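Notes follow once the structure below has been shown.
The values are calculated or read from the model by the stated rules, or taken from the named source; none is laboratory data. Bear in mind that the values here come from a model prediction, so they are computed numbers and not experimental data. Neighbour counts run over all protein chains shown; Cβ positions are idealised from the backbone, glycine included. Note: areas computed on protein heavy atoms with side chains; ligands, DNA, RNA excluded. Shrake-Rupley method; radii C 1.70, N 1.55, O 1.52, S 1.80 Å.
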Amino acid sequence: MADIKAIDIPKWGLSMEEGLVNAWLIEEGDSFTKGQLICEIETSKITNELEAPFDGVLRKIVGIPGQTLPVGAVIGVSADASTTDAEIEQFLAARGATAPAEEPAPSPAAEPEAPATPTATPAAKVVVAAKPAPTGSTVVPSVLQGTTQSDVFASPRALRRAEALGIDLAAVVGTGPLGRISVRDIDDAIRDAGGTVATAAPATRSGLPLRSTADDSAVPATPVARRTARSLGVNLHDCRPTGSRGRVCVADVHDAARSAQLLPEAAAQTGTIAVEPEYDTIPFTPMRSAIAGRLQASKQQAPHFRLTADLELDALLTLRKEINSTVPAVKLSVNDFIVKACAAALMKVPDVNVQFDAANESVLRFASADVSVAVALPTGLITPIVRSANTKSLADISGEVLSLATKAKTGKLRPEEFQGGTFTVSNLGMFGIKAFDAIINPPQGAILAVGAGEKRAVVVGDSVSVRTVMTVTLSCDHRVIDGALGATFLRELQRFVASPALMLV
């Protein structure tokens, strides 16, 4: 039996159930050694680089980029050169895995009329004669050899065009989704290499404008515009794009349809068209799916109640200014002080420094304050943790928050850096938000929503003075934290913020 080994989706963290294959760092046929980075896999929170679990040769890529697979699923096969393709397919079948499926070509009856066959001049070095070239086409072998057309991600029309011309698709750069090669990419590659592409005269109708017959699959357009164009028989090349980011919108399609007299007679006469609302379909990323599931469960299962308090920041701002001006290497933010103050308050009120253990219907109370700090990403929200924040200096907290935020934004956080935590701080003050409610980050018992600091008139005794005030809202899980307990925590937080020197001793 041949020595065949599977490369699987690993399980990073207890909550991981699936992973999205982002990119392969090696290609089929490449040798690799144990510990070498071979693939990028996106989980619900981060992007990890998969280390090879053994030495081998990547013979087959099963998990293609963009594909989401469950933990333990086969994404690649390693085998020596003597192993046949049939043995690899037999191995995959035994594992219940399948190789990437070929996209079926549409029936000839459904295929739109293709443009005239491109003709490449002798200077077109991007092509290789995979079979005798058609009469009138000249092809020059490329330096890329040994790649079969089935190994390349291309549209059915592009595959047929490449076979007709003897073009090696491995030498063509795809510009479609996930790098898919279209007919337009083939034509562009021929032109870039110095070749020429013959274009047939566009079809005409008596009394009607000329209409493009070129492949419009790569034309930037909204989903609604693309569907409307298909239904009206409009080629997107004939549309003048006026939509966002230079895309063709549905109004552009209707304008082109009017010009070509392709609209129904009644609509053309009245000028009215039933307009489908414009929208983009954005599939959930693994991170967004995880956020949706966890926060929906938290909102449904945890009985939230909220307490609001105002924090006076004047003394804190004075101390911050003094430290930043005295120690040039340190640049403390207000949020660094809030994280430190929360950690100190949690030590004073340890019954808030808890997690809810739903499986055992018990409360887990922790000796150290592991404060999660919410970080906004383009794809969602992640909460890296400042471990034992109660024992760390303001400078240490500042540096750690900056480092964790940078790693979060580049997808380099390790699971232990964002899983767990005993309390969360979510700050939207930098966006000018005065106050808001936050959803508890399970299994934690509470989360603090922090608003912007602003100058307000405050009554002190019998007089009114101007103070810098910040509104915070504490969301608590009533299963583990009662109202009086949450109020006690906020009172301690107010005390530490009003007298920040208490945090330093």
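Within the option set Asp357, Asp370, Asp314, being closer than 23 Å to Lys455 by Cα and either modelled with pLDDT of 95 or more or open to solvent by 30 Å² or more (accessible area, probe 1.4 Å) (or both) holds for one residue only, Asp314. Among the residues making up region 238-250, those that are under 30 Å from the mean Cα position of the chain (by Cα) and part of a helix (DSSP H, G or I) are Ser244, Arg245, Gly246, Val250.
Yes/no matrix, rows are residues, columns are (1) open to solvent by 20 Å² or more (accessible area, probe 1.4 Å); (2) over 22 Å from Arg184 (Cβ atoms); (3) in contact with a Gly (Cβ under 9 Å, 6 or more places away or on another chain):
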| residue | (1), (2), (3) |
| --- | --- |
| Asp215 | yes, no, no |
| Val219 | no, no, no |
| Arg226 | yes, no, no |
| Ala229 | no, no, no |
| Val234 | no, no, no |
| Asp238 | yes, no, no |
| Ala251 | yes, yes, yes |
| Ala256 | no, no, no |
| Ala260 | no, no, yes |
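Among the numbered conditions (1) modelled with pLDDT of 80 or more; (2) under 30 Å from the mean Cα position of the chain (by Cα), the only one that Ile190 does not meet is (2). Note on region 345-354: residues that are assigned to a helix (DSSP H, G or I), surrounded by fewer than 21 Cβ atoms within 10 Å (Cβ to Cβ) and among the aliphatic types (A, V, I, L, M) amount to 1. Among the residues of region 9-64, those identified as within 18 Å of the chain's Cα centre (by Cα), acidic (Asp, Glu) and more than 20 Å from Arg294 (Cβ to Cβ) are Glu40, Glu49.
So for region 325-342 (the condition being charged (D, E, K, R), farther than 16 Å from Leu448 by Cα and not in a strand (DSSP E or B)), does at least one residue qualify? Yes, region 325-342 contains at least one residue that is charged (D, E, K, R), farther than 16 Å from Leu448 by Cα and not in a strand (DSSP E or B).
The set of residues in region 159-191 being more than 24 Å from Ile282 (Cβ to Cβ), among the small types (Gly, Ala, Ser) and open to solvent by less than 20 Å² (accessible area, probe 1.4 Å) consists of Ala162, Gly166, Ala189. How many residues, within region 389-400, are open to solvent by less than 60 Å² (accessible area, probe 1.4 Å) and farther than 26 Å from Lys455 by Cβ? Qualifying residue count for the region: 8. Scanning region 293-311 for residues that are open to solvent by less than 40 Å² (accessible area, probe 1.4 Å), aliphatic (A, V, I, L, M) and over 18 Å from Gly451 (Cβ atoms) gives Ala297, Ala302.
In region 2-38, what residues are farther than 15 Å from Val57 by Cα, open to solvent by less than 50 Å² (accessible area, probe 1.4 Å), in a loop (DSSP other than H, G, I, E, B) and of a type outside the set (Val, Ile, Thr)? Scanning region 2-38 gives Pro10, Gly13, Met16. Residues of region 54-80 that are in contact with a Gly (Cβ under 9 Å, 6 or more places away or on another chain) and either farther than 27 Å from Arg180 by Cα or not β-branched (Val, Ile, Thr) (or both): Leu58, Arg59, Lys60, Gly63, Pro65, Leu69, Pro70, Ala73, Gly76, Ser78, Ala79, Asp80.
Within region 374-382, not a single residue is of a type in the set (Val, Ile, Thr), within 12 Å of Val339 (Cβ to Cβ) and within 25 Å of the chain's Cα centre (by Cα).
Taking the criterion of being farther than 29 Å from Gly13 by Cα and basic (Lys, Arg), would at least one residue in region 468-490 satisfy it? No, the conditions are met nowhere in region 468-490.
Residues of region 46-68 that are open to solvent by less than 40 Å² (accessible area, probe 1.4 Å) and either over 21 Å from Val152 (Cα atoms) or among the basic types (Lys, Arg) (or both): Ile46, Thr47, Asn48, Leu50, Ala52, Phe54, Gly56. Screening region 415-488 for strands (runs of 3 or more DSSP E) wholly inside it with 1 or more residues that are of a type outside the set (D, E, K, R), surrounded by fewer than 16 Cβ atoms within 10 Å (Cβ to Cβ) and in contact (Cβ under 8 Å) with a residue 12 or more places away in the chain returns the ranges 446-460.
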